[in-house]
Structures are given as structure tokens and as C-alpha cells.
1. Cβ-Cβ distance below 6 Å, separation of 6 or more or different chains: which pairs start in the stretch 688-716 with a residue that is outside the structural domain of Asp791 (by TED's automatic domain parsing) and within 12 Å of Val653 (Cα to Cα) and end on one that is of a type in the set (A, V, I, L, M) and part of a loop (DSSP other than H, G, I, E, B)?
2. Among the residues of the stretch 469-502, count how many are hydroxyl-bearing (Ser, Thr, Tyr) and assigned by TED's automatic domain parsing to the domain that holds Leu515.
3. Name the residues in the stretch 11-27 that are surrounded by fewer than 15 Cβ atoms within 10 Å (Cβ to Cβ) and assigned to a loop (DSSP other than H, G, I, E, B), would you?
4. Yes or no: Ala533 over 29 Å from the mean Cα position of the chain (by Cα) and surrounded by 15 or more Cβ atoms within 10 Å (Cβ to Cβ)?
5. Kindly check whether there is at least one residue in the stretch 507-518 that is among the hydrophobic types (A, V, I, L, M, F, W, C) and assigned to a helix (DSSP H, G or I).
6. When residues of the stretch 201-229 are filtered for being in a loop (DSSP other than H, G, I, E, B) and crowded, with 21+ Cβ neighbours inside 10 Å, how many remain?
7. Just the residues that are modelled with pLDDT of 75 or more and more than 37 Å from the chain's Cα centre (by Cα), please, taken from the stretch 1-27.
Amino acid sequence: MPGISLGLQSPYGYHGDDLTSPAQAARAGALVDQQWEDEPGLPLELRIHGVQGSTGPVVLEHPHVVQVGGSGPTAFYRRWSPDGVGRPSVPWPLEAYVWGGLTTRALASASWLLLLPFMLYNVAYYMLPAGDTATRGRRLRSAHALARVVVRLLALASTVQFVSALVTLFHSTIAWQNGAHRLGTSWWWLSWYTEATTATRMSLATVAVAAVIGALWYAGAATAGHYEAFSTGRGSYAPGVQVDGEDRPDRLPSGRLTLRDRGFWRGAAAAARLRNTHIATAFATISLALAGCTNTFGLWQQIQIAVSATILVAAVVLAGFVADRDTVGGNDDVARFATAFRALAWVSFLVLLAGVIASPWVVDDAPEDPLYAPHGLVGATTTLTLLQFGLLAVLLVLVAWLLRGCQKQPHGWEPFLRGYAAPVITLLAVLLGGVLTAALNLSVARIFGEPGGRALHKEGFDPANTIQLPDAMFAYSAAAAFNLVPILLVAGLLALRYRRRVRRFEGDGGTGATLDGGPDPVVDWYPERERDAPRRTVRQVARTWALASLTDDVATVMGTVTICWGALFWGFEGLAVTHTSQAFTAVAGIVPTIGVFIGALLATTGVWVLRAQIRSPHARKTVGIIWDVGTFWPRAVHPLAPPCYAEQAVPEVVDRIWVLTGARRSGSHGTPVPGERSGAIEVIPRHVLLTGYSQGTAISVAVIAQLPRDVLGRVSLMTLAAPLRRLYGRAFPAYFGHPAALALRELLSGPEPDASRNDPAGPSEVDPAPPNVRAPEPPKPRWRNVVRRTDYIGGWVFGLPKPLEQPSDCQQVDVISLDPPSLEPDHGTTLAPTHLHSSFWQDPVVILHARELTDR
């Protein structure tokens with residue numbers, strides 16, 4: 001039976017930072033897994049860690065590791081020992097996939113924080129209800145397709161919102177209103193700027209804004225080359241490989257598991273299209289702003305406005321109706337419309353460049369009374385705000401229509417916010433984008449003078465000392481400040497709910513329906529001999545359970561706060577639109593201060609994130625929970641958002657499983673492929689137990705979905721602290737909902753390899769499975785999900801396990817791990833540690849369930 005090379009990318013490859021190489025360690029008998037060379041029936045466990053990043057020694061529970069795969073910054077590790085094979089923590093071969101380097105780059109994480117609203121648009125896209133799978137991939141033939149169009153247009157509007165903030169800052173405040181000159185202080189190093197002509201100042205301001213957009217363009221293209229364009233060229237990502245008979249890889253499959261679409265993690269082409277449209281929109285917006293900075297509109301300004309407006313219309317059409325990720329193939333750089341997208345971006349750049357060059361001749365000098373913003377800026381900002389909220393209303397109607405056709409979900413699988421999570425998260429993105437831009441502009445304007453709006457300003461303000469800003473920025477800041485009241489009210493309600501649940505878990509909750517489908521009292525989950533545990537101990541565990549259960553209310557809290565924030569915003573914005581701003585004068589004095597405070601808070605938060613990412617693993621975990629969930633999804637609607645790490649992680653693990661199970665494609669290769677070349681130290685292929693922890697469970701499910709059935713028969717799955725139902729299933733029902741969970745269980749319940757082949761014959765066929773890697777008989781779910789009631793993120797998938805129930809008795813997926821393991825300490829009075837969402841690798845109960853899965 002041919003073996004598998006452990007060398008890094010080649011039989012004798014190795015990483016320079018390791019203490020040894022795989023080949024040297026194997027020849028010296030120092031690889032821990034070598035002790036099982038004569039036991040081909042043992043499986044190999046492939047572990048995937050969760051958020052905050054991890055290291056090979058932690059995941060493998062071994063002090064010495066050596067890299068045997070990965071393409072940087074990811075890595076596959078195995079154990080080695082300088083004193084020989086040693087005594088391992090688990091009695092079977094073990095390998096770890098470490099992907100934390102994709103998300104824990106400190107400087108990048110801090111800088112991407114400012115683009116958080118862009119990420120929320122991508123998240124909202126995947127939160128849309130499932131709709132009819134038969135028409136999902138068709139443009140404008142279903143409510144789901146129209147909803148996707150609206151989300152893409154909202155994302156495009158957010159780019160305009162971002163550019164408008166930069167234009168307001170550089171064009172209006174600094175250049176047109178000449179904020180530095182208004183300060184009244186002799187800044188000798190800025191005297192050349194304050195005394196320059198309006199054309200010179202506006203040209204410099206335009207270059208500054210264009211430089212920011214150019215940096216985003218470069219960052220989007222550079223990250224796409226590392227993430228979206230990543231491909232191993234093997235496994236189910238190799239050309240010609242089909243999945244379940246689906247011979248049209250660019251169309252969604254008709255099954256219930258959407259993640260099984262072969263092109264789901266290949267979004268390079270769609271991201272490139274969107275990136276070009278957003279960049280074109282940004283440059284066109286800057287051109288319009290530059291053309292409006294004049295008192296007289298000559299022929300040049302009219303041409304510039306007309307061309308820029310045409311580019312904007314083309315970008316709206318292309319982004320909304322052509323750049324649909326569900327209808328764009330994985331590699332279509334030469335496909336229809338691809339050239340049009342690139343041309344649009346470069347034409348918009350050339351138009352802006354021509355405007356900057358011509359500005360000395362077409363931009364008038366500063367007016368005699370430069371007390372107001374440039375022509376059209378305030379009106380354009382108001383129009384953009386109305387457009388954003390108008391699209392939000394349309395999205396709300398479409399989602400309501402989609403929900404009419406959705407089936408009722410089982411208990412625990414109900415979508416967040418009754419299925420309206422997508423409109424609420426989109427509203428949150430709009431509000432966050434608004435408050436970030438407001439904080440930036442108010443902070444800078446406060447340096448040069450007193451910020452004021454056209455309608456929203458203080459009573460008796462001095463125009464000579466006022467920097468005019470759009471009224472929407474004051475509305476965003478005021479709404480953010482007054483939204484503290486709903487936040488405090490919701491926090492109080494959560495505290496009351498926490499106290500009620502503590503009493504319930506203590507056994508004082510009375511009769512009625514149980515909270516999560518199982519017994520509520522803590523003592524009912526422990527052996528009979530521990531039912532008389534001290535009340536202090538029971539209360540301690542009950543408090544932990546109650547705190548963990550509050551996670552299920554986070555979506556409701558976020559939705560309530562977001563809706564209140566939106567209502568408060570329109571309360572203030574309505575004063576400006578209707579010109580009834582007398583009520584605003586009472587709070588106008590503190591709004592700029594609030595804006596400055598928010599700006600300082602954002603700056604310090606960015607510094608804190610940067611320092612915490614470097615120094616504190618606990619801080620990385622706290623921040624990473626939200627960050628890693630948001631960046632798990634491909635950039636489907638906003639290409640300038642933080643990149644998707646799963647577009648590298650999923651193909652990489654898929655490829656590794658093909659190698660580890662011996663499922664190599666038939667036929668010869670022109671060049672040696674890593675893992676398929678003899679002549680070096682080799683190990684035998686084995687059945688693979690894929691074990692995912694926390695966020696690693698989402699990666700594991702995506703990997704399972706991408707494997708053909710012949711390879712699936714050689715794989716089992718164990719999920720630890722899995723947010724598959726509690727977070728992903730309820731937030732993203734179209735991808736991780738209850739039907740998808742049932743489909744995943746069916747995939748892992750199939751017969752052994754080659755017993756009922758479904759994959760089409762041809763060059764895509766995998767090699768027949770060696771006898772030692774076949775699935776156990778009789779067929780049953782090769783999946784265990786370990787649950788703790790103290791876990792505030794993970795939870796059950798198909799039902800909360802019964803107390804003290806063994807998996808072998810019922811062959812169910814969900815199994816329980818008591819935390820703490822006992823209510824009565826064997827020694828002393830101190831209760832055993834409670835591990836909550838952490839330390840699953842060391843849990844003895846996890847090893848027992850893994851052994852049950854690997855028992856052959």
C-alpha cells in the first residue's frame with residue numbers, strides 16, 4: 001500500500017523555525033505516531049482549534065511539534081520527541097491544523113477595525129432567509145435574488161458614505177472652509193497652505209482622498225490574492241472533480257446543504273468584480289465633489305459631472321445585477337463582463353485625474369464669505385441617507401415575503417429576531433458607518449472651530465467661527481449618545497432574567513416548560529449520590545449555567561438596541577429635514593463633544609486592540625469571537641471588508657484529508673504533488689477523525705460538505721463547544737439551519753466506501769479506499785457533539801442530551817460533558833474547576849467519545 005510523505009510541501013521539506021525536520025525525526029524514530037505503524041486499523045485524528053489562535057503544542061497536548069504541511073500562515077503539525085516516541089495523551093496518531101495566523105495579525109486587525117461596517121454587510125448577506133433553493137441562483141426571479149441585489153446596493157452606498165466623510169473632512173473642512181486659517185493661530189509650517197489658492201487646496205485635498213481609496217484598492221486586491229484566490233489544485237477543488245453528480249460547478253446544488261456547492265469557497269472572480277465597481281464608485285464620488293467646488297458651472301464641470309454620474313449609474317447596475325456571487329463562477333477572469341468591471345474602475349480614476357489636473361483653471365477662488373460647505377455637499381449627504389434607509393425598507397419587505405414561505409423550525413433552531421436578522425444587521429452597519437464618519441469629522445472640525453449644521457446647530461452660533469458639517473453627522477452622534485438609555489434599560493432586564501434563571505437552576509423555578517428541553521435543576525444532572533450537595537456548591541454552578549444561557553438573548557438585545565438607535569437617529573434627522581430644529585438647540589452644545597469623545601474612544605480602542613493582540617491570549621479570544629465569525633464568510637457584497645480566512649482554511653483541510661485518507665485522484669501528474677511522491681519517510685493512510693473546537697467546528701462542517709461521498713466514508717466528525725445551532729444555525733439558516741444539519745448527519749451516516757458509489761466515473765474518481773480506512777459497520781452517524789451546560793457559545797445540535805445518558809445506548813449525536821465533573825469534591829471543600837468554553841482537548845470525557853467513534 002503506497003504511503004504518504006510527511007515532508008513540508010515535498011518529501012524532504014521542513015520549516016526553518018522547527019528544531020528538526022519530519023524526515024530526520026522519522027529516521028531517528030522520534031515521531032510519536034511511528035509507534036502505531038503496525039496498527040493500520042487505528043484512525044488519525046485531525047484537530048482544528050477555535051478563535052484567538054492556538055499553537056501546535058497546545059492542540060496536540062505535546063511540548064514538541066514539527067510542521068508537516070501548510071502554506072503559511074497556516075500549518076499542520078505532528079508530535080515528535082527527542083527521547084523517542086514517548087507516551088502520548090491519546091492512543092492513536094494525531095495531527096493539528098493551526099489557522100490562527102490568518103486572523104491574529106495584530107497590526108492588520110487594528111486597522112481593519114475601522115472597516116467593521118463593511119464586514120457587517122457581508123454578514124447580513126448570509127443572514128438572509130433560505131428562500132426557494134430552486135431559484136436562488138437566478139437573477140430577479142425570486143425574492144431572494146432581489147434581496148441579494150438590495151444588500152449589494154446598500155454595501156455600495158456604504159462606500160459612498162465612507163468617501164463622503166473623507167470629502168467632507170478634506171474638501172469642505174480643511175480646503176474649502178480653510179479650517180487651518182480659521183483657527184486664528186499662526187501655524188508657520190502651514191502658512192503656505194492657508195495662503196494658497198482654493199484650486200491648490202482642493203487639488204491637494206482630492207489627492208489625499210484618492211490616496212486613501214487607492215490604499216483600500218491595494219489592500220483589497222492584495223488580500224484577495226492571499227485568500228479568495230487561494231487554491232491547492234487538488235481534492236474537490238481540482239479541475240474536473242465533481243461533487244454528488246453536480247456537473248455545473250457555478251450553480252448552487254439543489255440539496256439542503258448549500259455549503260456543498262463546489263464553488264462556495266472560490267470567490268476570487270466575484271470579489272474582483274465588486275472591488276472594481278466600488279473603487280469606480282469611490283473615484284466618481286470624489287470627481288463629483290471636486291466639480292461642485294465652484295461658484296460657476298462651466299463646460300468642464302458639466303462634462304465632469306455628466307461622466308461621473310454615468311459611471312455611478314453603471315456601477316449601480318453592475319454591482320446590483322451582474323456581480324452576484326451566486327451566479328459568478330470561481331475563475332472567470334476572461335468571462336463576460338469581467339473586462340467591463342476593470343475598465344470602469346480605471347476610467348473613473350482617469351476622470352478624477354483629469355479633474356485634478358484641470359482644477360487650477362476651473363475651480364474659482366474662495367468666495368468672499370466662506371462660511372458654508374461647498375455646493376451640494378449637504379444636500380447630497382441628506383439624499384444618501386434617505387437612499388440608504390429607503391433600501392433598508394425595501395429589504396425589510398423582501399425578507400418578510402421570504403419568511404412567508406419558510407417552514408417553522410424546531411425548538412432551539414428558530415432564526416434570530418424571527419428571521420429579520422439581515423435587515424437589523426444592515427441597519428446596524430449603516431448606523432455604525434454614520435457614527436464613525438461623524439466622529440472623524442466632528443473631532444477635526446472641533447480643532448478648527450465650532451462645528452455646526454445647516455439646521456442642527458446651537459442657538460446664537462457665530463458663523464465666522466463655525467465649521468459647517470452635514471446635519472446627518474450631528475444626528476448620528478446625538479442618537480449614539482441618547483441610545484445609552486435603551487442600553488441601560490436592556491442591561492437591567494438582563495440582570496433580572498439572570499436572577500430568575502439562577503433560581504430556576506437551583507431548583508426553585510417551579511413547574512412549567514424546561515428552558516432547553518432538559519431538566520433545569522443542576523442536581524438532576526449528577527449521580528443520585530450527589531443530590532444532597534451543599535447549597536453553596538449548587539448555587540455556584542447555577543450561576544455559571546445562568547450566565548451561559550444569557551448568550552441566547554444576545555441577538556434580541558442587539559436587535560432592540562439597534563432599532564432604538566435607528567429611531568433616535570430619525571428623531572434628530574427629522575428635525576433637520578423638516579427644518580424644525582428648535583428642539584435640537586438644547587443638546588446642540590454637547591453633540592460636538594460627544595463626537596470628539598467617540599473619536600478618541602475609537603482611537604484608543606484601536607491601540608488597545610493592537611496591544612492586546614500582541615500581549616494577551618485572553619484578549620485575543622474575547623475580541624476574536626466576534627471577529628472570527630464575521631470574517632468566516634466570503635466577501636459577497638463588500639470587497640473592501642476584512643478578508644475571509646475560510647477561503648484558505650477550508651480548501652487546505654479538504655486537500656489534507658484527501659492525502660491522509662489515500663483518496664488520491666487516479667492518473668499521473670506532470671509534476672510531483674506534495675504527499676504523493678515515494679522515496680522518503682512515509683506513513684500509511686488512515687481513517688480520519690476530524691475534530692473541531694469552537695470556531696473550528698464551523699470550518700470542520702464546511703470541510704465535510706466539500707468532500708465527495710467516497711472520501712466521506714473515510715471520515716468521522718467530532719465537534720467540541722460547537723456554535724453550529726446556537727449561533728450559526730439561528731443566524732445563518734440558509735447555510736447552517738436545521739435542514740443543513742440533517743443533511744450533514746446523513747452524509748456522515750452513509751455506508752462504507754465503494755458500497756454505493758454516487759460520484760460519476762471519469763477522471764475525477766478517487767482511488768478505492770484501502771481496507772484499513774473504511775467506515776465502521778453498521779452505518780450510524782459518525783458524529784459526536786460534546787456539550788457543556790456551562791458553555792456560553794457552544795451547544796447541542798439535535799437535542800440536549802439526557803442526564804447520564806451514554807452515546808452507545810442511543811447512537812445520538814449530542815453527548816454531555818459535566819462541568820464541573822462533580823458537585824462534591826473528593827478532598828477539601830473546593831469545587832473542581834469549571835472550564836466553561838475552554839480546555840476541551842484535556843477533557844477526559846472528550847477522549848472517551850473519541851474512542852467510541854474510532855472503535856473499529
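The values are calculated or read from the model by the stated rules, or taken from the named source; none is laboratory data. None of these values were measured; they are calculated from a predicted model. Here the Cβ is made from the backbone with ideal geometry for all residues, glycine too, and neighbour counts use every protein chain on show.
1. Pairs found: none.
2. Of the residues in the stretch 469-502, the ones hydroxyl-bearing (Ser, Thr, Tyr) are 476-477, 498.
Still in the list and also assigned by TED's automatic domain parsing to the domain that holds Leu515: 498.
Residues that pass the stated criteria total 1.
3. In the first step, residues of the stretch 11-27 are kept if they are surrounded by fewer than 15 Cβ atoms within 10 Å (Cβ to Cβ); the result is 16-17, 19, 27.
Within the stretch 11-27, Gly16, Asp17, Leu19 qualify.
4. Numbers: over 29 Å from the mean Cα position of the chain (by Cα): yes; surrounded by 15 or more Cβ atoms within 10 Å (Cβ to Cβ): yes.
Yes.
5. Step one: of the stretch 507-518, the residues among the hydrophobic types (A, V, I, L, M, F, W, C) are 513, 515.
Cutting the leftovers down to assigned to a helix (DSSP H, G or I) gives us none.
No, that holds for no residue.
6. Narrowing the stretch 201-229 to residues in a loop (DSSP other than H, G, I, E, B): 227-229.
If we keep only those that are crowded, with 21+ Cβ neighbours inside 10 Å as well, we get 227-228.
Going through the stretch 201-229 one residue at a time, the tally reaches 2.
7. Matches in the stretch 1-27: Ala23, Gln24, Ala25, Ala26, Arg27.
Quick grid of which residues meet (1) aromatic (Phe, Trp, Tyr); (2) modelled with pLDDT of 80 or more; (3) outside the structural domain of Thr437 (by TED's automatic domain parsing):
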| position | (1), (2), (3) |
| --- | --- |
| Ser158 | no, yes, no |
| Phe170 | yes, yes, no |
| Gln177 | no, no, no |
| Gly184 | no, no, no |
| Trp192 | yes, no, no |
| Ala211 | no, yes, no |
| Asp244 | no, no, yes |
| Pro249 | no, no, yes |
